[in-house]
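S.K.: Provided herewith is a single structure, encoded as structure tokens, for subsequent inquiry.
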Amino acid sequence: MTAAAAKKRAAELRAQLERWSKEYYVLDAPSVSDAEYDVALRALAEIEAQHPELASPDSPTQRVGGEASSVFAPYRHRTPMLSLGNAFGADELRAWHTRLLRQLPDEDIAFVAELKIDGLAIAIRYRDGLFADGGTRGDGSTGEDVSHNLRTVRAIPLRLLGRPPAQFEARGELYMRRSEFERFNARRAAAGEQTYVNPRNSASGAVRQLDPKVTASRPLRFYAYALGECVPALDVATQWDLLARLREFGFPVNEHAKRFEDFDALVAHCEAWETKREGLDYAIDGLVIKVDSLAQQRRLGFVGKDPRWAIAFKYKPEEATTKLLSIEVNVGRTGSINPYAVLEPVFVGGVTVSTATLHNDDLVRAKDLRPGDTVIVRRAGEVIPEVVGPVLEDRKGRRLRTWTMPTVCPACGSPIERAQGEAMAYCTNAACPAQRKERIRHFASREAMDIEGLGDKIAEQLVDADLVHDIGDLFSLTAEQVGGLPRSGEKSAANLVRNIASSTSRPFWRVLFGLGIRFVGSQTAQQLAGDFADIDALAAADESELIEVEQIGPKIAAGVAQFFREPHNLKVVEKLRRAGVNLRGEPRSKAAATGKLAGKAFVLTGTLAEMTREEAAAAIVAAGGKVVGSVSKKTDFVVAGDKPGSKLTKAEALGVPVIGEDELRNML
């Protein structure tokens, strides 16, 4: 074949393959079999092999996968990939609508409802219409660069149709159809290979393969639904128009998206899909509702990472029934005895569940759970599994014994006691090895002393080897001692000892939080560290003095006073003092009077992107502000991060200003 003939034939094959791909993935109306597609693809590959000058980055042959990678580079989102607030049921959806009407008074608001595909959110960038790179959502600011893998997904166009902007980013959901997933699993089973659990996890795992050839072998699909960075700006005024333009550029867009001007009709549409979703060939866990007007979206803005102009209408959590094999208990760092359910493994919410927390004795009794019961297990998304209750009909004719809390600790054999008015029962032995392990883990955690390398396994080994009896002993460890633990190398041992030593300069409030005083969380620890000069002053304070500290009530005051009455705890404090741990407070009187946030009360809710909530609280206090635990009319600002809780709802109801992390940084 001459060069001219090869060039012509290659162009014909590319056009044909692109048309067939669009029919299959975008129009969902294939006109040829997979075998015919493969014959044409092989013919094009042969031409490109004989004439390398004809190969191009957007050729269908480039989807077969390149060289394997050893690591994923970070993928920086130039505009954040947003998370969404949730509405569970029509009442919460209407409450969201009411908030919109307050923020956009006297304006007509239209909405677009799109199915919420249960897959993996990704972003894909194009330059001059050609696929450039792509990545996962990650934390919304930075994901993983999986460009080589995304290039293999046939549903993602390598070259855009029409005249897209020079720099263009599409966002959407990568997923697998149930039918294609089942066929894929059947082929693996026939070949004696491991099968996969569900379409969502398989799609996510496929994109995070180091070898693109593995990704290419998976039946992945894609729906586009949003726009990222776009230069020059795309000339669309509504979300509805944007979906149409995405289709024009060659992206698959879900055909069930619908526009509404009547909000009652929208609510009915959302409710109807809860039963209709069973007829789909892919999983959805709700609908995403967006204000249609992009101009209104910009005016509504954001709360933390959540847009005010969009919300996820979520369906009830998935439930399944299984057998409650037994009720066991474990021991927390404060000695709390925590019951949990041991279940006959059951597949629910996308995973196999074999245990679930039961919180305390009262909950077990209130739900009347008995070993041997058939029980309902609920799990939604990544939420910890919950035992809803027993199936009483299955108990008929069987005499099942009620469960009772053990009288002695399973870890040390000491008596278990439950004080009057307390929800939890406690092991009475402060030297209980299970408590010691949990206290060490808590002390070393990121929220407390942030000792890198000291995780659950090392904490357990240190106690079992009788090297550490309390947190004070951590600071006398040697590299030789740590190096003698199972699977602990010389370098990792030296690093751990160095990290423990460097933690001595942590702020006093982190030490207080790390001590594990009952009822003292990180924010309470910051309040105490700002009101007492050092740990000696705090230890000497009686309950009446402690109650004078803002946000410290009788329960917290009693917990602090009791902690410093225990001789064992005072010995631990002395060990920390000898090790050089920072035990001095950080008075905030000057900052409180002159700081930028002087006299302002803040409430934190949700997960912040750049700071932990503890770091944000410390920064607010350092600037003279106060961080309080609950929202009231006296609250000046609520700082909302990703997935805020009920505090956001209460703030909006009371008219308390809600700000995001960026606004807090500006105030600081």
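The values are calculated or read from the model by the stated rules, or taken from the named source; none is laboratory data. Keep in mind it's a predicted model, so treat the numbers as computed, not measured. Cβ coordinates were reconstructed from backbone atoms using ideal geometry, including for glycine residues, and neighbour counts include every protein chain displayed.
S.K.: Only residues that are at pLDDT 85 or above and out of contact with any Asp or Glu (no Cβ under 9 Å at 6 or more places or on another chain): list them for the stretch 376-386, please.
M.R.: Scanning the stretch 376-386 gives Pro385, Glu386.
S.K.: Filter the stretch 18-72 for residues that are touching a Ser or Thr at 6+ places or on another chain (Cβ under 8 Å) and among the acidic types (Asp, Glu); which is modelled with the lowest pLDDT?
M.R.: The extreme case among them is Glu23.
S.K.: Report yes if Gly625 is among the small types (Gly, Ala, Ser) and either within 23 Å of the chain's Cα centre (by Cα) or surrounded by fewer than 22 Cβ atoms within 10 Å (Cβ to Cβ) (or both), otherwise no.
M.R.: No: the conditions fail for Gly625.
S.K.: Could you tell me whether the stretch 162-172 includes any residue that is under 21 Å from the mean Cα position of the chain (by Cα), within 23 Å of Arg127 (Cβ to Cβ) and not β-branched (Val, Ile, Thr)?
M.R.: Taking every residue of the stretch 162-172 in turn, at least one turns out to be under 21 Å from the mean Cα position of the chain (by Cα), within 23 Å of Arg127 (Cβ to Cβ) and not β-branched (Val, Ile, Thr).
S.K.: Same structure again: I'm trying to understand the selection: among the residues of the stretch 72-95, which are under 25 Å from Ala295 (Cβ atoms) and either of a type in the set (Ser, Thr, Tyr) or assigned to a loop (DSSP other than H, G, I, E, B) (or both)? Let's see the steps before the verdict.
M.R.: Initially, the stretch 72-95 is screened for residues under 25 Å from Ala295 (Cβ atoms), giving 77-85, 87, 93-95.
Once the filter is applied, which keeps residues that are under 25 Å from Ala295 (Cβ atoms) and either of a type in the set (Ser, Thr, Tyr) or assigned to a loop (DSSP other than H, G, I, E, B) (or both), the stretch 72-95 yields His77, Arg78, Thr79, Pro80, Met81, Leu82, Ser83, Leu84.
S.K.: Would you confirm whether any residue within the stretch 246-261 is part of a helix (DSSP H, G or I) and either free of Cβ contacts under 8 Å to residues at least 24 places away in the same chain or within 17 Å of Gly134 (Cα to Cα) (or both)?
M.R.: yes
S.K.: Among the residues of the stretch 84-116 satisfying the criterion of being among the hydrophobic types (A, V, I, L, M, F, W, C) and out of contact with any helix residue (DSSP H, G or I) (no Cβ under 9 Å at 6 or more places or on another chain), which is farthest from Pro657 (Cα to Cα)?
M.R.: The extreme case among them is Phe88.
S.K.: Taking Val267 as the residue in question, decide whether it is more than 27 Å from the chain's Cα centre (by Cα) and β-branched (Val, Ile, Thr).
M.R.: Yes: the conditions hold for Val267.
S.K.: OK, next. Taking Lys367, is it farther than 30 Å from Asn86 by Cβ, among the basic types (Lys, Arg) and either surrounded by 15 or more Cβ atoms within 10 Å (Cβ to Cβ) or in contact with a strand residue (DSSP E or B) (Cβ under 6 Å, 6 or more places away or on another chain) (or both)?
M.R.: Values: farther than 30 Å from Asn86 by Cβ: no; among the basic types (Lys, Arg): yes; either surrounded by 15 or more Cβ atoms within 10 Å (Cβ to Cβ) or in contact with a strand residue (DSSP E or B) (Cβ under 6 Å, 6 or more places away or on another chain) (or both): yes.
No.
S.K.: Another question, if that's okay. Find all pairs meeting these conditions: Cβ atoms under 8 angstrom apart; at least six residues apart or on different chains; first residue within the stretch 194-216 and without any contact (Cβ under 8 Å) to a residue 12 or more places away in the chain; second residue part of a helix (DSSP H, G or I).
M.R.: Sorted first by the residue in the stretch 194-216, then by its partner, the pairs are Gln194/Arg188; Thr195/Asn185; Thr195/Arg188; Thr195/Ala189.
S.K.: Which helices (runs of 4 or more DSSP H) sit wholly inside the stretch 410-504 and have at least 1 residues that are of a type in the set (Ser, Thr, Tyr) and closer than 24 Å to Arg577 by Cα?
M.R.: Of the helices (runs of 4 or more DSSP H) lying wholly inside the stretch 410-504, those with at least 1 residues that are of a type in the set (Ser, Thr, Tyr) and closer than 24 Å to Arg577 by Cα span 490-502.
S.K.: Here's a follow-up. Taking into account only those residues within the stretch 171-195 that are surrounded by 11 or more Cβ atoms within 10 Å (Cβ to Cβ), in contact with a helix residue (DSSP H, G or I) (Cβ under 9 Å, 6 or more places away or on another chain) and polar (S, T, N, Q), which is modelled with the highest pLDDT?
M.R.: So the residue we want is Asn185.
S.K.: Follow-up. What pairs come out if I take residues in the stretch 267-286 that are without any contact (Cβ under 8 Å) to a residue 12 or more places away in the chain and pair them with residues that are small (Gly, Ala, Ser) whose C-beta lies under 8 Å away, six or more apart or interchain?
M.R.: Hits for this filter: zero, empty list.
S.K.: Output the number of residues of the stretch 205-223 satisfying the condition of being buried (at least 17 other Cβ atoms within 10 Å of the Cβ) and closer than 18 Å to Ala73 by Cα.
M.R.: 5
S.K.: Which pairs turn up if I take residues in the stretch 413-424 that are among the basic types (Lys, Arg) and look for partners that are surrounded by 11 or more Cβ atoms within 10 Å (Cβ to Cβ) and part of a loop (DSSP other than H, G, I, E, B) with beta carbon separation below 9 Å, at least 6 apart in sequence or on another chain?
M.R.: Arg418/Met405; Arg418/Met424
S.K.: Right, something else. Hey, any hits in the stretch 325-341 for a residue that's among the polar types (S, T, N, Q), assigned to a strand (DSSP E or B), surrounded by 19 or more Cβ atoms within 10 Å (Cβ to Cβ) and not assigned by TED's automatic domain parsing to the domain that holds Pro385?
M.R.: For the stretch 325-341, residues among the polar types (S, T, N, Q), assigned to a strand (DSSP E or B), surrounded by 19 or more Cβ atoms within 10 Å (Cβ to Cβ) and not assigned by TED's automatic domain parsing to the domain that holds Pro385: absent.
S.K.: Follow-up question, since we're still on this one. Sort out for me the strands (runs of 3 or more DSSP E) sitting completely within the stretch 96-201 that have 1 or more residues that are among the polar types (S, T, N, Q).
M.R.: 130-136, 142-144, 167-175
S.K.: Looking at this structure, is Asp128 assigned by TED's automatic domain parsing to the domain that holds Ala216, of a type outside the set (Gly, Ala, Ser) and in contact with a Ser or Thr (Cβ under 6 Å, 6 or more places away or on another chain)?
M.R.: So Asp128 fails the test.
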